[in-house]
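> Pasting a structure below so you can have a look.
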Amino acid sequence: MYIPEYFRNTNFNQQVDFIKENSFGILITHSATEMFATHIPMTPLVTNSNLVLHGHISKENPQCSTLINAGETLTIFSGPHCYISSSWYSHENVSTWNYQAIHCYGKLKIQTELELLQSLIQLTDHYESKEEKPKFFEKIDPKVIRDNLIGIIGFEITVSRIDAKDKLSQNRNKKDYENIVSHLCKRNDSMSDAIAEAMIKNADNANK
């Protein structure tokens with residue numbers, strides 16, 4: 001991913017938090033002749049200061065043939081994005097797009113059945129905890145779990161490199177930066193609101 005230095009985010013804690021908040025990612029692998037991509041939720045865990053991603057896919061997915069121990073992978077996590085109008089600038093320029101995204105590179109390891117089960121417990125309980133009447137993993141019929149467990153393959157990716165991009169108009173002057181935030185807030189849509197919020201948090205790092 002091309003990242004000009006003023007858009008690069010090197011803060012590890014912020015990177016992990018971003019993945020937690022945008023955990024529905026894209027797993028990309030390849031065979032000798034073909035590329036594969038699957039959209040799946042992944043659980044980010046920090047172990048000994050290393051980021052490890054846990055996930056699973058269906059055994060019927062053709063991508064399974066590319067999941068091998070020590071295999072190289074790319075995972076992509078996308079955040080909010082929105083159009084930025086050139087009419088918001090104090091000088092003549094072109095329109096653009098603001099967005100946040102992370103690319104993680106690393107080696108994959110196939111999970112044992114026990115490791116897969118533990119990952120599923122973490123994934124399920126994390127999201128169920130937000131429900132009004134949560135159905136935690138322990139409350140699911142063991143037979144239902146067994147019947148579904150045989151149909152998936154679990155994996156872990158130990159991340160060796162993270163490319164994090166926060167394209168938030170950091171290259172604009174203070175007046176334009178503040179004007180962009182103001183216009184985004186007036187749009188009244190979730191993506192623009194999210195980018196405006198990210199720009200406000202990132203204001204100290206913008207080009208003033």
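Taken together, the values in this text are just the output of simple stated rules run on the coordinates, not laboratory data. Please read all numbers here as calculations on a predicted model, not as lab measurements. FYI the Cβ positions are ideal-geometry reconstructions off the backbone, even for glycines, and counts take in every protein chain you see.
> What size of dipole, in debye to the nearest 20, comes out for the chain about its Cα centre when the only charges are +1 on Lys and Arg C-beta atoms and -1 on Asp and Glu C-beta atoms?
On the way: 21 positive and 25 negative charges, 75 e Å.
Value, rounded to 20: 360 debye.
> Still on this structure, please answer the following. As a test of the definition: which semi-axes, in Å, follow for region 163-208 when you take the square root of five times each eigenvalue of its alpha carbon gyration tensor? Largest first, please.
Values: eigenvalues 56, 37, 11 Å².
Taking √(5λ) for each eigenvalue gives 17, 14, 7 Å, largest first.
> Next question. How many percent of all Cα-Cα pairs in the chain sit more than 29 Å apart?
Value for the chain: 38 percent of Cα pairs lie more than 29 Å apart.
> Something else about it: As a quick test, which of the pairs 109/167; 59/139; 59/107; 20/175 have an alpha carbon distance above 28 angstrom in this structure?
109/167; 20/175
> Another question, if that's okay. Based on alpha-carbon atoms only, what is the radius of gyration of region 120-202 relative to the globular estimate 2.2 N^0.38 Å?
Numbers: Rg = 21.3 Å, N = 83, 2.2 N^0.38 = 11.8 Å.
Normalised Cα radius of gyration, region 120-202: 1.80.
> Give the value in nm², to one decimal: projected area of the alpha carbon convex hull of region 94-137, averaged over all directions.
6.2 nm²
> Counting only Cα atoms, I'd like the Rg/Rh figure for region 60-123, Kirkwood definition for Rh.
On the Cα set of region 60-123, Rg over Rh gives 1.27.
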